[in-house]
1. Inside segment A:213-232, can you point out the residues that are surrounded by 14 or more Cβ atoms within 10 Å (Cβ to Cβ), under 25 Å from the mean Cα position of the chain (by Cα) and not in a loop (DSSP other than H, G, I, E, B)?
2. With respect to the numbered conditions (1) part of a helix (DSSP H, G or I); (2) exposed (fewer than 15 other Cβ atoms within 10 Å of the Cβ); (3) of a type outside the set (A, V, I, L, M), which one is the sole condition not fulfilled by B:K100?
3. Any chance segment A:323-341 includes a residue that's of a type in the set (K, R), out of contact with any Asp or Glu (no Cβ under 8 Å at 6 or more places or on another chain) and in a loop (DSSP other than H, G, I, E, B)?
4. Of the residues A:A180, A:A187, only one is open to solvent by less than 50 Å² (accessible area, probe 1.4 Å), under 23 Å from A:V150 (Cα atoms) and at pLDDT below 90; which?
5. Quick check on my filter: what residues within segment A:13-69 are modelled with pLDDT under 65, open to solvent by less than 60 Å² (accessible area, probe 1.4 Å) and more than 7 Å from chain B (Cβ to nearest Cβ)?
6. Among (1) over 23 Å from A:F89 (Cβ atoms); (2) in contact (Cβ under 8 Å) with a residue 60 or more places away in the chain; (3) surrounded by 15 or more Cβ atoms within 10 Å (Cβ to Cβ), which single condition is A:E355 missing?
7. If A:K381 satisfies all but one of (1) open to solvent by 70 Å² or more (accessible area, probe 1.4 Å); (2) without any contact (Cβ under 8 Å) to a residue 24 or more places away in the chain; (3) not in a strand (DSSP E or B), what's the number of the condition it fails?
8. Return the residue satisfying two criteria in turn: it lies in segment B:103-117 and is of a type in the set (A, V, I, L, M) and open to solvent by less than 30 Å² (accessible area, probe 1.4 Å), and of such residues it is nearest to the chain's Cα centre (by Cα).
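The values are calculated or read from the model by the stated rules, or taken from the named source; none is laboratory data. A quick note: this is a predicted structure, and the numbers were derived from the prediction, not measured. Note: ideal-geometry Cβ built from the backbone for every residue, glycine included; neighbour counts use all protein chains shown. When the accessible area is computed, the model is the full protein with side chains, heavy atoms only, and any ligands, DNA or RNA have been set aside. Shrake-Rupley method; radii C 1.70, N 1.55, O 1.52, S 1.80 Å.
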Amino acid sequence: MPPTKRTKRNLTITITSSSNHHYQASASVETIINNDDLLTEILLRLPIKSLLKFKAVSKHWLSLISNPIFSHRLRLVCILISGLFVRRFTLRVNNPEYDFINLESNPSRAPFKSLTFVNDSYGIKVLQSCNGLLLCSSSRAYQPRRNYYVYNPTNKQYTILPRLHVDRGIFRSIFGVNLAFDPSKSAHYKVICVRNCDSLRDGHYQIEIYSSKTGPWRLSGGSFTAPSVINFRGGVFWNGAIHWVSTHGSSLYFDVDQEKLREMPMPPIPDEWEERRHQYFGESRGHLHLIEIYGPCTALFNVYEMKTDYSGWFVKYRVDLGGVTDVFPEMIRTYLDPEDLHYYGYSILCVVREENDDDSYLVLHLPKKAVRYNLKDRTFKKLHDVAPAGNQAEDESALQFRWFDAFQYTESLACV
Amino acid sequence: NEENIFEDGGQQLFKVEEQGCSRLCSHSSTSDGTSEDMVVLQLPYIIKFCKAHGVSKENEFGKGKSNDELKEMLLVADYLTIKDTLDYLAETLANRIKNKSVEYIRKFFGIENNFMPEEKEATRKEYELLRLLI
């Protein structure tokens with residue numbers, strides 16, 4: 001962009017009498033209504049609840065607010081994480097239940113307790129959250145019978161994805177299904193499925209893609225190999241690609257637009273360790289974060305962030321939970337050795353990046369509660385009480401969830 | 001991209017883009033100097049705002065102003081392409097209407113409800129449902 005030329009001008013003001021004021025209330029009001037750009041400037045700044053309500057103002061407003069392009073622009077203006085859904089561990093219940101940890105300053109209702117938007121006899125569980133949309137699937141079903149859904153909890157819209165192909169009577173195993181959705185780039189989303197490849201060889205995979213724009217599942221590229229322990233289920237969408245970490249060997253990422261698979265550089269593993277110890281892997285406000293904890297003191301750790309050019313990870317935050325363990329001694333499992341990996345009982349549910357980085361924080365799960373930990377000034381406060389699962393009521397330091405049980409909830413008007 | 005900064009007695013008032021500048025100048029009348037250096041404004045609102053804008057906090061300025069005054073200033077800011085003022089006014093107006101009822105919005109903007117009764121009912125039902133679930 002060429003540099004801006006600034007011209008300074010002297011302004012001599014003569015305030016003419018107010019009888020020269022030409023605007024009359026009715027004239028200005030009409031001009032605003034007829035001026036879509038001006039109206040949009042105002043509407044853009046309204047919270048989503050107001051927008052949904054104001055669809056009923058007039059047909060013109062209905063069409064303005066329902067326009068997918070409008071919901072795009074909304075996304076660019078406001079990225080606010082409202083809360084986290086965390087899946088409760090319950091043995092008996094058919095339909096998984098979710099706690100809602102509210103992250104906004106105003107109290108708000110949980111969008112759902114369990115997923116009932118469609119009748120699935122196997123129950124419905126959340127697989128992944130991506131920029132306001134949730135990827136869900138049948139909860140307890142064999143793979144060939146499993147349904148996959150894309151669901152928007154804000155406007156309750158959902159799509160049932162077409163069934164995955166069966167070739168010559170053989171259903172190739174699914175290793176992971178992930179959602180790629182970036183409303184700032186497109187109103188459409190893609191779903192990436194990693195399956196066993198044709199010849200059913202172990203450790204050989206293939207990718208199939210579903211697009212909400214162009215439709216049915218299709219193969220993408222040839223087969224590829226990957227470490228058998230790579231976690232294809234826990235993919236994270238960032239920078240136009242789905243990222244998968246592996247405890248051994250290479251971690252990978254798949255560029256969704258170019259349909260190319262690449263190796264993702266990872267931080268070095270400390271000498272004495274054979275495998276990676278992920279404690280968190282997720283995305284927030286356009287940043288990819290990774291936390292690996294090796295000890296010896298597991299209350300100290302770094303939060304890594306990936307560079308946009310994939311040249312490597314850098315330490316974004318250094319965390320010391322010493323102050324937290326002082327206030328919440330139930331975190332400490334005194335029956336263990338202080339250098340034991342499980343000496344401190346906590347899990348990291350989310351790294352939340354705020355518009356002003358000084359406000360960025362962690363959501364931590366401690367026994368029976370969730371706590372918000374501010375990364376800059378290291379202050380913290382309790383956010384939420386977690387009722388223990390029935391079979392763990394007696395274990396004071398038990399934890400209910402880890403990072404892969406937590407899903408971000410951001411409000412979105414996106415149509416699915 | 002050209003930016004023109006208008007000053008008054010050394011105090012920077014506002015920046016306008018090229019299009020707004022020509023509009024501003026078109027409202028001037030030449031007296032002593034060239035029309036480029038002196039602008040006689042016939043729109044007292046924007047000047048009032050900008051003088052206050054320079055010295056007081058943004059979010060206090062909108063307080064005393066009536067809805068009509070804000071709406072008029074928004075139009076002027078848009079016409080003169082003064083982006084900062086426009087953003088601020090849009091934000092202030094949004095805050096004023098965000099928790100109001102649909103009927104209030106119609107009165108505020110002078111909009112007529114052009115839904116058919118059945119459509120009205122459908123939209124109302126949809127909102128009621130969402131309101132319970134959200």
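1. Across segment A:213-232, the qualifying residues are A:W217, A:S220.
2. (1)
3. Taking segment A:323-341 as the starting set, the residues that turn out to be of a type in the set (K, R) are A:333.
Keeping just the survivors that are out of contact with any Asp or Glu (no Cβ under 8 Å at 6 or more places or on another chain) gives none.
Checked against the condition, which is being of a type in the set (K, R), out of contact with any Asp or Glu (no Cβ under 8 Å at 6 or more places or on another chain) and in a loop (DSSP other than H, G, I, E, B), segment A:323-341 yields no hits at all.
4. A:A187
5. A:A27
6. Unmet condition: (3).
7. In the conditions (1) open to solvent by 70 Å² or more (accessible area, probe 1.4 Å); (2) without any contact (Cβ under 8 Å) to a residue 24 or more places away in the chain; (3) not in a strand (DSSP E or B), A:K381 misses (3) alone.
8. Per the criteria, the residue is B:I105.
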